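Mind having a look at this structure? Questions to follow.
The values are calculated or read from the model by the stated rules, or taken from the named source; none is laboratory data. Worth saying up front: this structure is predicted, and the values here are computed from it rather than measured. Every residue, glycine among them, receives a Cβ derived from its backbone with ideal geometry; neighbour counts consider all protein chains shown.
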């Protein structure tokens, strides 16, 4: 679905707003959402509700934003290859390079998992040599057995878990 504001980019954010009882919904791309001041960090702080100039600030008085505030001395982590920061990636909705995935792994993994269901690529692999194919098959078999082992342990089927453990040891050695 395309962004309802610019009509060019893929919509990644669903925005709903209720003003005077009238509900408005829009599908927006990250750039348009950022331009509208809708953070792409997945949430908002208390300052967004109680900040100066809002209805709640008139009733309760303004309180500081609950998000961390950084002064001029704050140095943001950057990718060593392309120089992108996490805030720039969030603003653009795109990583700068392949190294960004390693540099910002802990920050990107939850979003990737939410969007794709997992953080590992499971599609077709490029053509490889026979030795590489055998190594990949061994790795996939071990991963599958380890998953079965976790499930057997969770179900408290310890006899099956012992069999799986022995199979893992055979393949791993």
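In the range 3-19, is there at least one residue being at pLDDT below 75 and either out of contact with any strand residue (DSSP E or B) (no Cβ under 8 Å at 6 or more places or on another chain) or in a loop (DSSP other than H, G, I, E, B) (or both)?
yes
For the range 129-149, state whether one or more residues are at pLDDT below 85, loosely packed, with under 11 Cβ neighbours inside 10 Å and assigned to a helix (DSSP H, G or I).
Checking the range 129-149: at least one residue is at pLDDT below 85, loosely packed, with under 11 Cβ neighbours inside 10 Å and assigned to a helix (DSSP H, G or I).
Do the conditions hold for residue 27, that is, is it in a loop (DSSP other than H, G, I, E, B) and either out of contact with any helix residue (DSSP H, G or I) (no Cβ under 9 Å at 6 or more places or on another chain) or modelled with pLDDT of 65 or more (or both)?
On the way: in a loop (DSSP other than H, G, I, E, B): no; either out of contact with any helix residue (DSSP H, G or I) (no Cβ under 9 Å at 6 or more places or on another chain) or modelled with pLDDT of 65 or more (or both): yes.
Answer is no for this residue.
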